[in-house]
Structure formats: structure tokens, C-alpha cells
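Below is one structure; the comments refer to it alone.
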Amino acid sequence: MTAICFYFQVHQPFRVKDFRFHQIGEDPVHEYEALNQQILQKVAEKCYLPSNYLVSQLIQKFQNEFKITYSFSGVVLEQIELYEPLLLESFQSMVASGSIELLSETYYHSLSSIASPGEFERQIHKHRDKIQSLFQYTPKVFRNTELIYNNDIATHVNHLGFQGILCEGLGKYLSEKGPNHLYQSPTGLKVLPRNYQLSDDIAFRYSSPQWEGPTLSAEQFIKILEAEAEKGAETINLYMDYETFGEHHSRTSGIFDFFSKLIHLLIEHNDFEFRTPQELVQSFTPIASYDVPTLTSWADEERDLSAWTGNHMQEEALRKLYELAPQVIATKNDSLIESWSKLQTSDHLYYMSTKLKEDGEVHAYFRPFSSPYDAYITFMNIVANLKLQVEGYLTYKKAFKKGFRAQ
């Protein structure tokens with residue numbers, strides 16, 4: 001039988017307010033709390049709550065025949081706790097059913113895997129503690145921010161004791177058999193590549209005019225899956241944002257009915273079964289090495305890091321932020337460390353992208369600023385403000401210690 005692995009990413013950043021130059025040194029508050037609450041509650045109403053209701057119904061009906069996987073950034077969990085406690089209870093109930101696998105990731109949905117190995121580990125441990133606290137669950141498989149991956153990251157994740165890692169399935173690194181199999185990194189970590197063509201058929205092309213009818217139908221998608229199975233697919237990995245349902249594709253598009261019918265058809269089908277990433281790495285033998293020397297991701301047409309580091313503004317913002325790390329950590333001040341950590345969320349860099357065409361439209365859709373330049377100016381003003389706060393705190397701390405010794 002061919003395994004079907006559905007994985008959904010759940011993430012919302014802590015967005016920052018429009019922070020002007022004259023506010024540097026005057027305003028200690030960076031977050032746009034009202035906007036964060038508004039967006040979280042809107043997405044919960046349109047996507048998270050109805051999607052959870054549907055998934056819960058499917059779990060109740062099919063028991064352990066139906067299995068799916070989620071990962072949550074730490075920052076979205078904090079917002080759910082603050083603004084939608086009933087949503088948290090819903091996720092907790094689903095996880096308690098035993099039909100859900102949870103993945104590990106960076107707490108702040110950051111680029112720490114390429115910027116700071118120590119910070120990368122700190123965030124993974126913090127995320128593990130959060131998942132354990134809320135769900136009494138310890139993830140065994142890792143997914144990096146936006147599926148950012150290369151050999152070095154796989155080696156690091158392997159040393160941390162994870163059983164496997166998710167990544168984008170790029171043809172030039174796959175064997176001739178394609179993405180529908182288990183691979184391993186050069187250092188032996190099990191690798192689960194995403195079938196991006198089929199994943200994006202749902203996530204991005206569900207309403208495309210290419211289909212026979214107004215949208216992709218469950219019956220059409222089953223035929224596509226059957227064709228992959230006939231070619232020898234061991235596992236078809238379908239990874240996408242949870243916001244695909246109800247947010248990126250509205251309820252009126254029929255996306256919820258599509259997903260429900262697809263699950264029913266897959267359960268009834270003799271050639272398919274649902275598996276989670278941990279089950280896959282424990283059940284299958286890798287068919288080849290997935291040797292990826294360059295950085296890859298699931299973002300944009302290039303599927304590299306250009307969504308976050310593709311122009312000079314993004315590069316400077318990333319550099320300036322991580323240059324602050326030694327001073328921030330030296331404060332040992334939880335509030336300052338938390339402010340710096342939230343600025344690591346990759347969305348802030350994503351908003352600065354100056355890409356055009358389809359990718360540019362997607363960046364603009366998510367950007368809470370009028371332009372990438374406004375996003376950059378705001379971010380750099382906030383970093384400068386945080387730098388002043390950190391330096392002021394360290395100066396005070398040093399003076400306090402000096403005065404204490406003099407007594």
C-alpha cells in the first residue's frame with residue numbers, strides 16, 4: 001500500500017507596529033497587539049476552528065485509520081493561549097485522540113539554523129518544552145522553518161537525536177524514483193521530501209482553471225494519487241499551511257467539502273493508508289542519499305532562501321539582528337531576550353522582499369506594510385531601539401555591581 005502523509009503548518013507571527021525614527025529611545029513597545037489579536041481571531045474563525053471541527057469528526061469516524069500531522073510555532077501557540085483558548089482546547093483534544101503527530105521546530109519560526117547554531121538549539125529546546133507543557137507530547141521528527149534544509153542542518157538535527165526531518169523534494173537532489181520515497185542525509189538522518197507538485201495542487205492550485213470543473217475535485221485528486229502509486233510510490237507527502245483551508249481558499253470555494261470527501265475516498269481505497277512522519281521513518285528503508293550542499297526551502301519559485309535574504313535590505317536586517325546576540329544574552333533579562341527573539345521570526349524579513357510577479361504578489365498579500373521599504377525601515381528602527389535598551393540595561397547593571405562592591 002502507498003502511504004499518504006498529510007502535514008499542516010500552523011503559524012502566525014507577532015507583528016510589529018509602524019515604528020518611526022523619532023520613537024527610537026522613547027517607546028519600549030514594539031508589538032502591534034491589536035492587529036495580532038484581530039488577525040489571529042479572524043484566521044481562527046475562518047480556518048482553524050472549522051478545520052479542527054472537520055478533522056475531529058474524521059478522527060471520531062475513522063479512529064486510527066485516519067492520521068495527520070501538525071507543527072506549531074511557539075509564537076502562534078502564545079497567541080492562541082492569549083486570544084483563542086477554546087481553539088487550544090480543540091487542538092489538545094485532537095492530539096489526545098492518538099491520531100495526530102506533532103513535529104518539532106524553532107520556537108520563533110526563525111532563521112537561526114543558518115545564523116546561530118547555539119540559538120537554533122535554544123529555540124528547539126524551548127519549543128520542545130512548550131509542546132510538552134501544552135500537549136504532554138514529545139516530538140520525534142523535526143521540520144525547520146519553511147522547510148529550510150541542507151546537509152549541515154540535517155547533521156545538526158541528527159546530533160540532537162531526532163529520527164527524521166521534513167524537507168522540500170527537489171528533483172536535482174532526488175533519485176530517478178522521485179520524491180515519493182524515504183531518503184537519508186549523508187550523515188544518516190531519515191529525510192521525508194515533500195511532493196511539492198501534488199501539495200501545491202491543493203494549497204495553491206485548488207481553484208485553478210486547469211481542472212475539469214470550477215475547482216479540483218476529490219475524484220480528480222484520487223486519480224492523480226493512483227497514478228503515483230502505480231509508479232511505485234511508497235509514501236506521498238503532502239505538506240502545506242493549515243490556512244489553506246478557509247483562509248487561502250474560502251469556505252465558499254468548497255475546500256472543506258473537498259478535504260472531507262478526499263479523506264473518505266482514501267479510507268475506502270484498497271491501495272492507500274494514512275501514515276505520520278514517525279511511522280514512515282520507522283517503517284521504510286531509505287532508497288538513496290539526499291545530498292543537498294546548498295540551502296533549500298519550500299518558499300517561492302526558487303525554493304531557496306531568497307524569500308528572506310534575496311536583497312540587501314533583508315541581508316542587513318538579518319545581520320544587524322544577530323549582531324545583537326552577545327549583548328542581549330549578556331543582559332540575562334527575560335524581557336529583552338524575548339523582544340530580540342520575536343524579531344527573529346522569519347516573517348519580518350519576508351515582508352522586505354522586493355520580488356515581482358506571482359511571488360511578489362504573495363509577499364504583498366501577507367505584508368502588513370505598504371511596501372517592503374516601509375517594512376525594512378520599521379524593522380531597523382525597532383532593532384536600533386532594542387539596541388539602546390540593551391546597552392542601557394548593561395550600563396545600569398555594571399554601575400549597580402560597581403556600587404554594590406564599593407559598599
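The values are calculated or read from the model by the stated rules, or taken from the named source; none is laboratory data. No experiment lies behind these values; they were computed from the predicted model shown. Glycine gets a Cβ as well: all are built from the backbone with ideal geometry, and neighbour counts include every protein chain shown.
Residues in region 128-149 that are in a helix (DSSP H, G or I), crowded, with 17+ Cβ neighbours inside 10 Å and hydroxyl-bearing (S, T, Y): T145 only.
Those helices (runs of 4 or more DSSP H) of region 318-384 in which 3 or more residues are over 21 Å from H22 (Cα atoms), touching a residue at least 12 places away in the same chain (Cβ under 8 Å) and outside the structural domain of E146 (by TED's automatic domain parsing) occupy 325-331, 347-350, 357-366. Condition check for Y373 on (1) out of contact with any helix residue (DSSP H, G or I) (no Cβ under 8 Å at 6 or more places or on another chain); (2) of a type outside the set (G, A, S); (3) at pLDDT 95 or above: one failure, at (1). Among the candidates E101, E65, the residue that is under 24 Å from L198 (Cβ atoms), of a type in the set (D, E) and surrounded by 22 or more Cβ atoms within 10 Å (Cβ to Cβ) is uniquely E101. Name the residue that is farthest from L192 (Cα to Cα), counting only residues in region 68-92 that are of a type in the set (G, A, S) and touching a Leu at 6+ places or on another chain (Cβ under 8 Å). If we take residues in region 68-92 being of a type in the set (G, A, S) and touching a Leu at 6+ places or on another chain (Cβ under 8 Å), then S90 is farthest from L192 (Cα to Cα). Can you confirm whether L262 is out of contact with any strand residue (DSSP E or B) (no Cβ under 9 Å at 6 or more places or on another chain), aliphatic (A, V, I, L, M) and in a helix (DSSP H, G or I)? Against the criterion (out of contact with any strand residue (DSSP E or B) (no Cβ under 9 Å at 6 or more places or on another chain), aliphatic (A, V, I, L, M) and in a helix (DSSP H, G or I)), L262 qualifies.
Kindly check whether there is at least one residue in region 169-188 that is among the β-branched types (V, I, T), in the same structural domain as S113 (by TED's automatic domain parsing) and assigned to a strand (DSSP E or B). Outline the logic, then answer.
Our first condition is that a residue be among the β-branched types (V, I, T); within region 169-188, this holds for 187.
When the remaining residues are screened for being in the same structural domain as S113 (by TED's automatic domain parsing), the result is 187.
Add one more test, that the residue is assigned to a strand (DSSP E or B), and what stays is none.
Among the residues of region 169-188, not one is among the β-branched types (V, I, T), in the same structural domain as S113 (by TED's automatic domain parsing) and assigned to a strand (DSSP E or B), which makes the answer no.
Across region 197-256, what is the total count of residues that are among the charged types (D, E, K, R), over 30 Å from L40 (Cα atoms) and in contact with a Leu (Cβ under 9 Å, 6 or more places away or on another chain)? I'd like the intermediate steps shown before the answer.
Of all residues in region 197-256, those among the charged types (D, E, K, R) come to 200-201, 205, 212, 219, 223, 226, 228, 230-231, 234, 241, 243, 247, 251.
Applying the additional criterion that residues be over 30 Å from L40 (Cα atoms) yields 212, 219, 223, 226, 228, 230-231, 234.
Then drop every residue that is not in contact with a Leu (Cβ under 9 Å, 6 or more places away or on another chain), which leaves 219, 228, 234.
So the count comes out to 3.
Of all residues in region 114-132, those satisfying the criterion of being farther than 15 Å from V157 by Cβ and within 16 Å of the chain's Cα centre (by Cα) are K126, K130, I131.
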